[in-house]
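The structure appears below as C-alpha coordinates.
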Amino acid sequence: MIKYTPVIGLEIHVELATKSKMFCRCSADHFAKVANTQVCPVCVGLPGALPYANRKAIEDTIKLGLVLNCKINYFSKFDRKHYFYPDLVKGFQISQYDIPFCYEGNFQIPNSRLQIKIRRVHLEEDTGKLVHQKKDGRNVTLVDFNRSGVPLVEIVTEPNFRNISDVIDFLKEMQLIIRYLKISSADMEKGSMRLEANISLAKKGETKLPDYKVELKNINSFKFLEKALEAEIFRQNTLFLSGKIILQETRGYDEKTGKTFSQRTKEEAQDYRYFPEPDLPPVKLLNQEIKKLRKYLPELPDEKRSRFRKKYQLTENYIEILIQDYQRSEYFESAVKIGGTYGISSKNIADLLVNQNLDMKYSEPAVLIKYLVQISKSSFVDTTEVIKAVNKIIAENNKAVMDFQKGKVNVIGFLIGQTQKLLKGKGDPNKIRDAIIKAIEK
(Lines give C-alpha, C1' and ligand atoms only; values in the text may rest on other atoms or scores of the structure.)
Protein backbone atom coordinates (compact mmCIF):
# COMPACT_ATOMS: atom_id res chain seq x y z
CA MET A 1 0.00 0.00 0.00
CA ILE A 2 1.39 3.44 -0.99
CA LYS A 3 1.59 5.79 1.95
CA TYR A 4 1.11 9.52 1.64
CA THR A 5 2.45 12.50 3.60
CA PRO A 6 0.39 15.67 4.12
CA VAL A 7 1.78 18.83 2.54
CA ILE A 8 0.23 21.86 4.25
CA GLY A 9 0.58 25.62 3.81
CA LEU A 10 -1.27 28.32 5.74
CA GLU A 11 -2.92 31.66 5.10
CA ILE A 12 -3.61 33.64 8.27
CA HIS A 13 -5.81 36.74 8.17
CA VAL A 14 -5.57 39.18 11.07
CA GLU A 15 -7.71 42.28 11.57
CA LEU A 16 -5.47 45.10 12.76
CA ALA A 17 -6.62 47.02 15.83
CA THR A 18 -6.38 50.49 14.31
CA LYS A 19 -8.84 53.23 15.27
CA SER A 20 -9.97 53.83 11.69
CA LYS A 21 -10.38 51.63 8.63
CA MET A 22 -7.74 50.99 5.99
CA PHE A 23 -8.77 53.60 3.42
CA CYS A 24 -11.17 55.95 5.23
CA ARG A 25 -11.94 57.48 8.64
CA CYS A 26 -14.77 55.14 9.64
CA SER A 27 -14.26 53.33 12.95
CA ALA A 28 -12.55 49.95 12.59
CA ASP A 29 -14.19 48.68 15.79
CA HIS A 30 -17.09 46.89 14.15
CA PHE A 31 -17.78 43.98 16.49
CA ALA A 32 -21.38 43.84 17.84
CA LYS A 33 -22.22 47.24 16.35
CA VAL A 34 -25.61 47.93 14.68
CA ALA A 35 -25.38 46.73 11.08
CA ASN A 36 -24.30 49.23 8.41
CA THR A 37 -23.81 52.14 10.86
CA GLN A 38 -20.05 52.44 10.34
CA VAL A 39 -19.84 52.96 6.60
CA CYS A 40 -19.12 55.78 4.19
CA PRO A 41 -18.85 56.23 0.39
CA VAL A 42 -15.29 54.82 0.46
CA CYS A 43 -16.32 51.66 2.39
CA VAL A 44 -19.05 50.79 -0.11
CA GLY A 45 -17.24 52.01 -3.21
CA LEU A 46 -19.62 54.75 -4.33
CA PRO A 47 -18.64 56.59 -7.54
CA GLY A 48 -16.12 59.37 -6.95
CA ALA A 49 -15.06 58.18 -3.46
CA LEU A 50 -11.26 58.26 -3.10
CA PRO A 51 -9.35 56.00 -0.66
CA TYR A 52 -6.21 57.01 1.27
CA ALA A 53 -3.92 54.61 3.11
CA ASN A 54 -3.81 54.16 6.89
CA ARG A 55 -0.17 54.74 7.97
CA LYS A 56 -0.59 52.90 11.30
CA ALA A 57 -1.80 49.77 9.50
CA ILE A 58 1.26 49.83 7.23
CA GLU A 59 3.57 50.20 10.25
CA ASP A 60 1.85 47.31 12.07
CA THR A 61 2.23 45.10 8.99
CA ILE A 62 5.95 45.86 8.80
CA LYS A 63 6.38 45.13 12.54
CA LEU A 64 4.91 41.69 11.98
CA GLY A 65 7.14 41.17 8.94
CA LEU A 66 10.25 42.11 10.95
CA VAL A 67 9.36 39.64 13.71
CA LEU A 68 8.99 36.93 11.04
CA ASN A 69 12.46 37.81 9.68
CA CYS A 70 11.04 39.02 6.38
CA LYS A 71 12.72 41.19 3.78
CA ILE A 72 11.01 44.57 3.46
CA ASN A 73 10.04 46.18 0.17
CA TYR A 74 11.02 49.84 0.44
CA PHE A 75 8.85 50.45 -2.62
CA SER A 76 5.40 48.87 -2.51
CA LYS A 77 1.92 49.40 -3.89
CA PHE A 78 -1.71 48.35 -3.60
CA ASP A 79 -3.59 46.37 -6.26
CA ARG A 80 -7.18 45.62 -7.16
CA LYS A 81 -8.22 42.00 -6.79
CA HIS A 82 -11.41 41.38 -8.77
CA TYR A 83 -14.01 38.79 -7.86
CA PHE A 84 -17.76 38.68 -7.29
CA TYR A 85 -19.26 37.87 -3.92
CA PRO A 86 -22.22 39.48 -2.10
CA ASP A 87 -20.04 40.83 0.75
CA LEU A 88 -17.75 42.66 -1.71
CA VAL A 89 -19.92 45.54 -2.84
CA LYS A 90 -17.27 47.16 -5.08
CA GLY A 91 -16.63 44.00 -7.10
CA PHE A 92 -12.94 44.24 -6.17
CA GLN A 93 -10.80 44.22 -3.04
CA ILE A 94 -7.85 46.54 -2.51
CA SER A 95 -4.98 44.17 -1.72
CA GLN A 96 -1.34 43.60 -2.67
CA TYR A 97 -0.16 41.33 -5.44
CA ASP A 98 3.41 41.35 -6.74
CA ILE A 99 5.10 43.85 -4.36
CA PRO A 100 3.90 43.10 -0.81
CA PHE A 101 5.34 45.02 2.13
CA CYS A 102 7.13 41.92 3.50
CA TYR A 103 8.43 38.77 1.80
CA GLU A 104 10.78 35.77 2.13
CA GLY A 105 10.72 35.41 5.90
CA ASN A 106 11.29 32.44 8.18
CA PHE A 107 10.17 31.42 11.64
CA GLN A 108 11.26 28.59 13.92
CA ILE A 109 8.53 27.00 16.00
CA PRO A 110 9.55 27.09 19.72
CA ASN A 111 10.82 23.76 21.09
CA SER A 112 11.06 22.43 17.53
CA ARG A 113 13.69 22.20 14.82
CA LEU A 114 11.11 22.97 12.16
CA GLN A 115 11.68 26.23 10.32
CA ILE A 116 8.67 27.63 8.49
CA LYS A 117 9.34 29.78 5.45
CA ILE A 118 7.10 32.82 5.14
CA ARG A 119 6.23 33.59 1.54
CA ARG A 120 4.75 37.03 2.20
CA VAL A 121 3.04 39.33 4.67
CA HIS A 122 0.76 41.76 2.86
CA LEU A 123 -1.95 44.28 3.70
CA GLU A 124 -5.48 44.52 2.32
CA GLU A 125 -8.99 45.59 3.25
CA ASP A 126 -11.53 43.25 4.82
CA THR A 127 -14.88 42.51 3.20
CA GLY A 128 -18.39 42.86 4.58
CA LYS A 129 -20.04 40.10 6.58
CA LEU A 130 -22.91 37.84 5.53
CA VAL A 131 -25.60 37.41 8.18
CA HIS A 132 -27.87 34.37 7.85
CA GLN A 133 -31.22 34.65 9.62
CA LYS A 134 -34.99 34.15 9.34
CA LYS A 135 -37.15 37.05 8.17
CA ASP A 136 -40.92 36.83 7.65
CA GLY A 137 -40.70 33.05 7.97
CA ARG A 138 -38.03 32.72 5.27
CA ASN A 139 -34.31 31.96 5.52
CA VAL A 140 -32.48 35.01 4.17
CA THR A 141 -28.90 36.23 3.90
CA LEU A 142 -28.23 39.89 4.71
CA VAL A 143 -25.00 41.87 4.37
CA ASP A 144 -23.42 44.03 7.08
CA PHE A 145 -20.75 46.35 5.62
CA ASN A 146 -19.41 47.59 9.00
CA ARG A 147 -16.40 45.26 8.57
CA SER A 148 -15.82 46.36 5.00
CA GLY A 149 -12.54 48.26 4.72
CA VAL A 150 -11.08 47.20 8.09
CA PRO A 151 -7.28 46.70 7.70
CA LEU A 152 -6.46 43.04 7.25
CA VAL A 153 -2.93 41.66 7.26
CA GLU A 154 -2.34 38.27 5.62
CA ILE A 155 0.53 35.91 6.47
CA VAL A 156 1.19 33.30 3.78
CA THR A 157 3.53 30.41 4.57
CA GLU A 158 5.24 28.00 2.21
CA PRO A 159 3.87 24.43 2.33
CA ASN A 160 6.42 23.35 4.96
CA PHE A 161 4.10 21.53 7.35
CA ARG A 162 3.96 17.72 7.30
CA ASN A 163 1.77 17.09 10.33
CA ILE A 164 -1.17 18.73 12.08
CA SER A 165 0.50 19.23 15.48
CA ASP A 166 3.16 21.51 13.94
CA VAL A 167 0.40 23.53 12.27
CA ILE A 168 -1.39 24.09 15.58
CA ASP A 169 1.86 24.91 17.46
CA PHE A 170 2.80 27.46 14.80
CA LEU A 171 -0.61 29.12 14.81
CA LYS A 172 -0.79 29.39 18.59
CA GLU A 173 2.63 31.04 18.64
CA MET A 174 1.56 33.43 15.85
CA GLN A 175 -1.51 34.43 17.86
CA LEU A 176 0.68 35.07 20.92
CA ILE A 177 3.21 37.15 18.94
CA ILE A 178 0.44 39.26 17.39
CA ARG A 179 -0.92 39.98 20.87
CA TYR A 180 2.56 40.87 22.20
CA LEU A 181 2.99 43.31 19.31
CA LYS A 182 -0.40 44.81 20.32
CA ILE A 183 -1.47 45.06 16.69
CA SER A 184 -4.60 42.90 17.11
CA SER A 185 -6.57 40.99 19.73
CA ALA A 186 -6.33 37.98 17.36
CA ASP A 187 -9.63 36.82 18.87
CA MET A 188 -10.87 33.96 16.71
CA GLU A 189 -14.37 33.99 18.22
CA LYS A 190 -14.80 37.59 17.07
CA GLY A 191 -13.25 36.88 13.68
CA SER A 192 -10.21 39.10 14.17
CA MET A 193 -8.01 36.08 13.36
CA ARG A 194 -9.14 33.71 10.61
CA LEU A 195 -7.40 30.65 9.24
CA GLU A 196 -7.16 28.94 5.88
CA ALA A 197 -5.11 25.87 5.05
CA ASN A 198 -3.93 24.56 1.68
CA ILE A 199 -3.49 20.82 1.79
CA SER A 200 -2.38 18.09 -0.61
CA LEU A 201 -0.78 14.64 -0.27
CA ALA A 202 2.61 13.50 -1.57
CA LYS A 203 3.97 9.98 -1.78
CA LYS A 204 6.20 9.25 1.20
CA GLY A 205 9.82 10.11 0.43
CA GLU A 206 8.89 12.25 -2.58
CA THR A 207 10.41 15.76 -2.49
CA LYS A 208 8.49 17.21 -5.42
CA LEU A 209 5.39 19.15 -4.39
CA PRO A 210 2.01 17.81 -5.57
CA ASP A 211 0.50 19.53 -8.64
CA TYR A 212 -2.76 20.36 -6.85
CA LYS A 213 -3.97 21.80 -3.56
CA VAL A 214 -7.27 21.94 -1.72
CA GLU A 215 -8.03 25.06 0.30
CA LEU A 216 -9.94 24.77 3.56
CA LYS A 217 -11.77 28.01 4.31
CA ASN A 218 -13.78 29.64 7.12
CA ILE A 219 -11.84 28.16 10.04
CA ASN A 220 -12.67 29.85 13.34
CA SER A 221 -10.73 27.89 15.98
CA PHE A 222 -7.62 25.74 16.36
CA LYS A 223 -9.75 22.72 17.28
CA PHE A 224 -11.96 23.27 14.24
CA LEU A 225 -8.87 23.44 12.00
CA GLU A 226 -7.46 20.27 13.53
CA LYS A 227 -10.67 18.36 12.81
CA ALA A 228 -10.95 19.81 9.29
CA LEU A 229 -7.36 18.84 8.43
CA GLU A 230 -7.87 15.30 9.76
CA ALA A 231 -11.05 14.92 7.71
CA GLU A 232 -9.46 16.27 4.53
CA ILE A 233 -6.34 14.11 4.85
CA PHE A 234 -8.58 11.06 5.28
CA ARG A 235 -10.70 12.06 2.24
CA GLN A 236 -7.70 12.62 -0.03
CA ASN A 237 -5.99 9.43 1.13
CA THR A 238 -9.16 7.43 0.41
CA LEU A 239 -9.42 8.92 -3.10
CA PHE A 240 -5.78 8.16 -3.87
CA LEU A 241 -6.09 4.57 -2.72
CA SER A 242 -9.11 4.09 -4.99
CA GLY A 243 -7.18 5.54 -7.94
CA LYS A 244 -9.20 8.75 -8.28
CA ILE A 245 -7.91 12.22 -9.16
CA ILE A 246 -8.22 14.96 -6.55
CA LEU A 247 -9.63 18.23 -7.84
CA GLN A 248 -8.11 21.61 -6.97
CA GLU A 249 -10.92 23.33 -5.12
CA THR A 250 -12.03 25.28 -2.05
CA ARG A 251 -13.77 23.25 0.63
CA GLY A 252 -15.48 23.87 3.95
CA TYR A 253 -15.81 21.62 6.99
CA ASP A 254 -19.09 20.40 8.48
CA GLU A 255 -18.66 19.58 12.17
CA LYS A 256 -21.94 17.63 12.26
CA THR A 257 -20.87 15.15 9.58
CA GLY A 258 -17.15 15.33 10.36
CA LYS A 259 -16.45 15.75 6.63
CA THR A 260 -15.29 18.48 4.28
CA PHE A 261 -17.58 19.65 1.47
CA SER A 262 -16.95 21.36 -1.86
CA GLN A 263 -17.61 25.10 -2.10
CA ARG A 264 -16.13 26.08 -5.47
CA THR A 265 -13.26 25.36 -7.82
CA LYS A 266 -10.11 27.14 -6.65
CA GLU A 267 -9.18 30.29 -8.54
CA GLU A 268 -5.74 31.01 -9.98
CA ALA A 269 -4.06 34.45 -9.81
CA GLN A 270 -5.11 35.32 -13.36
CA ASP A 271 -8.78 34.82 -12.45
CA TYR A 272 -8.59 37.83 -10.15
CA ARG A 273 -7.41 40.22 -12.90
CA TYR A 274 -4.96 42.03 -10.63
CA PHE A 275 -3.83 45.50 -11.62
CA PRO A 276 -2.34 48.47 -9.66
CA GLU A 277 -4.90 50.44 -7.65
CA PRO A 278 -5.24 53.68 -9.68
CA ASP A 279 -6.55 55.79 -6.77
CA LEU A 280 -3.60 55.14 -4.43
CA PRO A 281 0.00 56.22 -5.03
CA PRO A 282 2.85 53.73 -4.46
CA VAL A 283 4.24 53.56 -0.91
CA LYS A 284 7.89 54.51 -0.42
CA LEU A 285 9.51 53.54 2.89
CA LEU A 286 12.72 55.02 4.31
CA ASN A 287 15.45 52.96 5.93
CA GLN A 288 15.35 55.07 9.12
CA GLU A 289 11.60 54.37 9.45
CA ILE A 290 12.23 50.61 9.35
CA LYS A 291 15.10 50.93 11.86
CA LYS A 292 12.84 52.86 14.22
CA LEU A 293 10.10 50.19 14.01
CA ARG A 294 12.68 47.45 14.64
CA LYS A 295 14.17 49.33 17.61
CA TYR A 296 10.85 49.52 19.45
CA LEU A 297 9.76 45.92 18.94
CA PRO A 298 8.78 44.39 22.32
CA GLU A 299 10.28 41.33 23.95
CA LEU A 300 8.67 38.40 22.15
CA PRO A 301 7.12 35.31 23.78
CA ASP A 302 10.06 32.95 23.14
CA GLU A 303 12.55 35.55 24.39
CA LYS A 304 10.46 35.91 27.53
CA ARG A 305 10.34 32.11 27.97
CA SER A 306 14.12 31.95 27.86
CA ARG A 307 14.55 34.86 30.30
CA PHE A 308 12.00 33.51 32.81
CA ARG A 309 13.75 30.14 32.67
CA LYS A 310 17.17 31.62 33.50
CA LYS A 311 16.17 34.46 35.82
CA TYR A 312 13.38 32.89 37.88
CA GLN A 313 14.10 29.16 37.36
CA LEU A 314 10.42 28.37 36.98
CA THR A 315 9.04 25.10 35.63
CA GLU A 316 8.08 25.02 31.95
CA ASN A 317 4.34 24.76 32.63
CA TYR A 318 4.45 27.78 34.98
CA ILE A 319 6.36 29.80 32.38
CA GLU A 320 3.89 28.89 29.67
CA ILE A 321 0.88 29.87 31.77
CA LEU A 322 2.45 33.21 32.77
CA ILE A 323 3.52 34.28 29.28
CA GLN A 324 0.22 33.39 27.59
CA ASP A 325 -1.08 36.78 28.75
CA TYR A 326 1.31 39.71 28.28
CA GLN A 327 -0.35 41.70 31.09
CA ARG A 328 -0.07 38.75 33.46
CA SER A 329 3.63 38.31 32.76
CA GLU A 330 4.17 42.02 33.45
CA TYR A 331 2.15 41.71 36.70
CA PHE A 332 4.31 38.76 37.77
CA GLU A 333 7.57 40.64 37.24
CA SER A 334 6.31 43.73 39.07
CA ALA A 335 5.20 41.56 42.00
CA VAL A 336 8.59 39.80 42.10
CA LYS A 337 10.41 43.14 42.16
CA ILE A 338 8.31 44.46 45.06
CA GLY A 339 8.18 41.12 46.87
CA GLY A 340 11.96 40.73 46.80
CA THR A 341 12.35 43.45 49.42
CA TYR A 342 10.19 41.38 51.80
CA GLY A 343 11.91 38.08 51.10
CA ILE A 344 9.03 36.67 49.05
CA SER A 345 10.42 34.37 46.35
CA SER A 346 9.54 34.50 42.65
CA LYS A 347 8.51 30.83 42.80
CA ASN A 348 6.04 31.56 45.58
CA ILE A 349 4.52 34.45 43.62
CA ALA A 350 4.32 32.35 40.44
CA ASP A 351 2.61 29.58 42.40
CA LEU A 352 -0.01 31.98 43.75
CA LEU A 353 -0.73 33.44 40.31
CA VAL A 354 -0.85 30.13 38.47
CA ASN A 355 -2.71 28.04 41.05
CA GLN A 356 -4.84 30.61 42.87
CA ASN A 357 -5.21 33.38 40.26
CA LEU A 358 -4.49 36.01 42.90
CA ASP A 359 -3.67 38.51 40.15
CA MET A 360 -7.41 38.44 39.37
CA LYS A 361 -8.28 39.21 42.99
CA TYR A 362 -5.63 41.89 43.53
CA SER A 363 -5.46 44.20 40.51
CA GLU A 364 -2.18 45.82 41.59
CA PRO A 365 1.02 43.82 42.35
CA ALA A 366 1.73 46.05 45.37
CA VAL A 367 -1.64 45.12 46.90
CA LEU A 368 -0.89 41.42 46.41
CA ILE A 369 2.47 41.76 48.14
CA LYS A 370 0.85 43.67 51.03
CA TYR A 371 -1.56 40.77 51.46
CA LEU A 372 1.28 38.22 51.41
CA VAL A 373 3.25 40.21 54.00
CA GLN A 374 0.20 40.32 56.29
CA ILE A 375 -0.29 36.58 55.88
CA SER A 376 3.36 35.88 56.69
CA LYS A 377 3.05 37.91 59.91
CA SER A 378 -0.08 36.12 61.09
CA SER A 379 0.17 33.12 63.37
CA PHE A 380 0.00 29.98 61.29
CA VAL A 381 -1.28 26.72 62.67
CA ASP A 382 1.37 24.08 63.34
CA THR A 383 2.43 21.37 60.88
CA THR A 384 0.28 18.72 62.57
CA GLU A 385 -2.89 20.78 61.95
CA VAL A 386 -1.84 21.36 58.32
CA ILE A 387 -1.32 17.64 57.68
CA LYS A 388 -4.63 16.79 59.36
CA ALA A 389 -6.49 19.33 57.19
CA VAL A 390 -4.70 18.20 54.00
CA ASN A 391 -5.63 14.54 54.61
CA LYS A 392 -9.28 15.53 55.08
CA ILE A 393 -9.36 17.60 51.85
CA ILE A 394 -7.64 14.86 49.84
CA ALA A 395 -10.10 12.26 51.12
CA GLU A 396 -13.03 14.49 50.06
CA ASN A 397 -11.67 15.41 46.60
CA ASN A 398 -10.71 12.16 44.92
CA LYS A 399 -11.27 13.50 41.37
CA ALA A 400 -8.93 16.47 41.94
CA VAL A 401 -6.27 14.11 43.30
CA MET A 402 -6.59 11.83 40.26
CA ASP A 403 -6.38 14.85 37.91
CA PHE A 404 -3.16 15.93 39.64
CA GLN A 405 -1.73 12.42 39.25
CA LYS A 406 -2.54 12.59 35.53
CA GLY A 407 -0.41 15.72 35.18
CA LYS A 408 -3.02 18.47 35.63
CA VAL A 409 -0.83 20.41 38.06
CA ASN A 410 -3.13 23.44 38.14
CA VAL A 411 -5.56 21.51 40.31
CA ILE A 412 -3.18 21.86 43.28
CA GLY A 413 -4.35 25.48 43.57
CA PHE A 414 -7.87 24.20 44.21
CA LEU A 415 -6.64 21.79 46.88
CA ILE A 416 -4.57 24.54 48.56
CA GLY A 417 -7.59 26.83 48.53
CA GLN A 418 -9.84 24.18 50.08
CA THR A 419 -7.28 23.48 52.79
CA GLN A 420 -6.91 27.20 53.58
CA LYS A 421 -10.68 27.46 53.80
CA LEU A 422 -10.75 24.61 56.30
CA LEU A 423 -7.94 26.24 58.32
CA LYS A 424 -9.66 29.65 58.08
CA GLY A 425 -6.62 31.21 56.36
CA LYS A 426 -4.22 30.13 59.10
CA GLY A 427 -2.21 27.71 56.97
CA ASP A 428 1.19 28.49 55.46
CA PRO A 429 0.61 28.05 51.66
CA ASN A 430 4.10 26.58 51.14
CA LYS A 431 3.62 24.01 53.92
CA ILE A 432 0.16 23.14 52.59
CA ARG A 433 1.52 22.64 49.08
CA ASP A 434 4.36 20.41 50.30
CA ALA A 435 1.95 18.40 52.46
CA ILE A 436 -0.47 17.90 49.55
CA ILE A 437 2.25 16.68 47.18
CA LYS A 438 3.69 14.38 49.85
CA ALA A 439 0.25 12.92 50.65
CA ILE A 440 -0.64 12.34 46.98
CA GLU A 441 2.71 10.73 46.16
CA LYS A 442 2.49 8.22 49.04
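Of all residue pairs spaced 6 or more apart or on separate chains, those with beta-carbon atoms under 7 Å, a first member in segment 317-334 that is assigned by TED's automatic domain parsing to the domain that holds residue 412 and a second member that is in a helix (DSSP H, G or I) and of a type in the set (Lys, Arg) are 319/305; 319/309; 322/328; 323/304; 323/305; 326/179; 329/304.
Given the criteria outside the structural domain of residue 181 (by TED's automatic domain parsing) and among the aliphatic types (A, V, I, L, M), does residue 290 qualify? So residue 290 fails the test. Screening 202, 197 for residues that are touching a residue at least 60 places away in the same chain (Cβ under 8 Å), out of contact with any Gly (no Cβ under 8 Å at 6 or more places or on another chain) and among the small types (Gly, Ala, Ser) leaves exactly one candidate, 202. Exactly one residue out of 296, 318 is surrounded by fewer than 16 Cβ atoms within 10 Å (Cβ to Cβ) and either of a type in the set (Lys, Arg) or within 25 Å of the chain's Cα centre (by Cα) (or both), and it is 296. The set of residues from segment 393-408 being in contact (Cβ under 8 Å) with a residue 12 or more places away in the chain, under 25 Å from residue 315 (Cα atoms) and not aromatic (Phe, Trp, Tyr) comprises 394, 400, 401, 405.
Among the listed residues 279, 271, 254, identify the single one that is closer than 30 Å to residue 50 by Cα, of a type outside the set (S, T, N, Q) and modelled with pLDDT under 95. Quick ask: steps written out before the conclusion?
Working: 279 fails: modelled with pLDDT under 95; 254 fails: closer than 30 Å to residue 50 by Cα.
Result: 271 is the single residue among 279, 271, 254 that is closer than 30 Å to residue 50 by Cα, of a type outside the set (S, T, N, Q) and modelled with pLDDT under 95.
The residues in segment 224-250 that are among the basic types (Lys, Arg) and either assigned to a loop (DSSP other than H, G, I, E, B) or closer than 20 Å to residue 266 by Cα (or both) can be counted, and the count is 2.
Taking strands (runs of 3 or more DSSP E) as the structural unit, those lying wholly within segment 98-204 and holding at least 2 residues that are polar (S, T, N, Q) correspond to 102-108, 138-144, 193-203. Here segment 205-223 is the region considered, the condition is being hydrophobic (A, V, I, L, M, F, W, C) and part of a strand (DSSP E or B), and the residue that is farthest from residue 262 (Cα to Cα) is 219. Out of 386, 354, 411, 390, one residue alone is free of Cβ contacts under 8 Å to residues at least 12 places away in the same chain, crowded, with 18+ Cβ neighbours inside 10 Å and either closer than 20 Å to residue 437 by Cβ or in the same structural domain as residue 68 (by TED's automatic domain parsing) (or both). It is 411. Determine whether segment 387-397 contains at least one residue that is out of contact with any Gly (no Cβ under 7 Å at 6 or more places or on another chain), within 13 Å of residue 355 (Cα to Cα) and part of a helix (DSSP H, G or I). No: segment 387-397 contains no residue that is out of contact with any Gly (no Cβ under 7 Å at 6 or more places or on another chain), within 13 Å of residue 355 (Cα to Cα) and part of a helix (DSSP H, G or I). Considering 105, 45, the condition of being modelled with pLDDT of 95 or more and small (Gly, Ala, Ser) is satisfied by 105 alone.
Filtered by the rule that a residue be among the small types (Gly, Ala, Ser) and touching a Pro at 6+ places or on another chain (Cβ under 7 Å), segment 168-210 gives 200, 202.
Taken over segment 260-275, the criterion of being surrounded by 15 or more Cβ atoms within 10 Å (Cβ to Cβ) and either in a loop (DSSP other than H, G, I, E, B) or of a type outside the set (Ser, Thr, Tyr) (or both) is satisfied by 266, 274. Just one of the numbered conditions (1) of a type in the set (Asp, Glu); (2) crowded, with 16+ Cβ neighbours inside 10 Å; (3) over 14 Å from the mean Cα position of the chain (by Cα) is not true of residue 136: (2).
Based on what the data block shows, is residue 255 charged (D, E, K, R) and touching a residue at least 40 places away in the same chain (Cβ under 8 Å)? The answer is no for residue 255.
The values are calculated or read from the model by the stated rules, or taken from the named source; none is laboratory data. The model shown is predicted, which means the values in this text are computed figures rather than measured ones. Quick reminder, even Gly has a Cβ in these numbers, built from the backbone with ideal geometry, and neighbours come from all protein chains shown.
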